[in-house]
Amino acid sequence: MAFHYTKGFGFYEEYHQDQDFSDYGLETLTIDDETINTTDLVRQKWLDNDFAGLTYSVQYDNGDDLQLILGGAYNKYWGKHFGKVIWARYASNAENDHTYYENKGIKTDFNSFLKAQYKINDKFHVFGDLQLRNVLYNTEGFLSEDVDKNWMFFNPKFGLNYQLNEDQSIYVSYAKAHKEPIRDDFEYATSEPLPEELDDIELGWRYTSPNTKINMNAYYMYYTNQLVLTGALTDVGDFVRENSGESNRAGVEVDFLFNWKNWLFQPNLGISKNMNLEYYNDITDEYKDTSISYSPAVVFNNKFAYSGINNMELSLLTKYVGSQYMNNIETEEARLDAYTTTDFQIAYAKDQILGIKQIRLTGMFNNILNEKYVSNGYMWGETPYYFPQAGFNFLLGLDVTF
């Protein structure tokens, strides 16, 4: 059993031009027959929060064929959000350190679970996980309508593992999961956000030998009310989410590791199809069978390393990310092109030198082919904005262990 408490307190500060008085609870000014409705200002956004709770677990193992774990957690979060205007070109009726919004949120999260693993025989193992989770969420303040929610979620998971031989095994599992909306979902959604509901079926194969490891996993995930990114940003740069009526994600993941003498080959590949079966844009327009935002169909990574040089390892890293959309309606303006990057890394370590336990030198040479690419972005209406990434860049490091 463990108890915890975390205190958080702080702010960030911004300068803004031409801000409407009405957004800050200020009155219109009249100076020499001129009506003034806006002002330049400096504002601070504050957060004062507390997070406390406890976690517990009890484990039973009969030493043969049965393992049980009973556990859970009780956590509570108190958060106060408020903003101050600390300077304004036209202060209107503002007092010193004018507070222009106050908002508080209280979230209580209680869950209890029972996990079990049972060995039927040397070949068959079954496992199960039952979780009951209760979430209470309440907000009060000026930024949004008050929220008062009480969600009860039941999240079961069951699976079967079959050992084909000493090197190979297969498994199949089913899980149901729920996830509640967060504060920003209530704040920026065009309609009241609903909790996500997920049904997940997975089938996998594992192979392990002294030199090789392979893991293949096929999955089908069916969502009701999945909270998907819209492509828009909030006024502080967070991504906005909203519910997609029905959606799914299906695909195959392959992880491979091969060691031979001083060589290492470690690729992994993900191929998926991520679709909104029904999606309502701004509540009015309905779209069917569109790609889920920020969900590339292909992702590939590879590490190729050699450690045959004394105390040195050389690595070549490759990454490929397929094309994706920054919204859920597949407009061409929202398309991010596929890209490939290649990095080179070198590491050298020397033990027991000049009374020092170890010295380690590292060099990371990123995007060595100087690929011009965009990894992310957002949409402002129908206009795309991109986050271009650095061309060739490097980082040198020195670690000394005494």
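The values are calculated or read from the model by the stated rules, or taken from the named source; none is laboratory data. These numbers were taken from a predicted model, which means no experiment stands behind them. Using ideal geometry, Cβ is built from the backbone for each residue, glycine included, and neighbour counts are taken over all protein chains shown.
State yes or no: is residue 107 closer than 24 Å to residue 159 by Cα and either assigned to a strand (DSSP E or B) or in contact with a helix residue (DSSP H, G or I) (Cβ under 7 Å, 6 or more places away or on another chain) (or both)? In short, no.
Note on the range 302-318: among residues that are loosely packed, with under 14 Cβ neighbours inside 10 Å and in contact (Cβ under 8 Å) with a residue 12 or more places away in the chain, the one that is nearest to residue 265 (Cα to Cα) is 308. If we keep just the residues of the range 232-262 that are in contact with a strand residue (DSSP E or B) (Cβ under 8 Å, 6 or more places away or on another chain) and outside any strand (DSSP E or B), which is farthest from residue 381 (Cα to Cα)? Step by step, filter the range 232-262, then rank; the result is 262.
Of the residues making up the range 330-358, those that are surrounded by fewer than 16 Cβ atoms within 10 Å (Cβ to Cβ) and either in contact with a helix residue (DSSP H, G or I) (Cβ under 7 Å, 6 or more places away or on another chain) or not in a strand (DSSP E or B) (or both) number 8. If you scan the range 263-299, which residues turn out to be of a type in the set (D, E, K, R) and either outside any strand (DSSP E or B) or closer than 23 Å to residue 337 by Cβ (or both)? 273, 282, 288, 289 - these are the residues of the range 263-299 that are of a type in the set (D, E, K, R) and either outside any strand (DSSP E or B) or closer than 23 Å to residue 337 by Cβ (or both). You will find that of 32, 18, 23, the residue that is in contact with a strand residue (DSSP E or B) (Cβ under 7 Å, 6 or more places away or on another chain), surrounded by fewer than 15 Cβ atoms within 10 Å (Cβ to Cβ) and not hydrophobic (A, V, I, L, M, F, W, C) is 18 and no other. Would you mind finding the one in 247, 295 that is within 30 Å of residue 345 (Cβ to Cβ), surrounded by 15 or more Cβ atoms within 10 Å (Cβ to Cβ), out of contact with any helix residue (DSSP H, G or I) (no Cβ under 6 Å at 6 or more places or on another chain) and in contact (Cβ under 8 Å) with a residue 24 or more places away in the chain? Being within 30 Å of residue 345 (Cβ to Cβ), surrounded by 15 or more Cβ atoms within 10 Å (Cβ to Cβ), out of contact with any helix residue (DSSP H, G or I) (no Cβ under 6 Å at 6 or more places or on another chain) and in contact (Cβ under 8 Å) with a residue 24 or more places away in the chain holds for just one of 247, 295, which is 295. Sub-7 Å Cβ pairs linking a first residue in the range 116-133 that is over 14 Å from residue 63 (Cα atoms) and surrounded by fewer than 17 Cβ atoms within 10 Å (Cβ to Cβ) to a second residue that is hydroxyl-bearing (Ser, Thr, Tyr) and at pLDDT 95 or above, at least 6 apart or interchain, are 123/162; 124/162; 126/118; 132/112, ordered by first then second residue.
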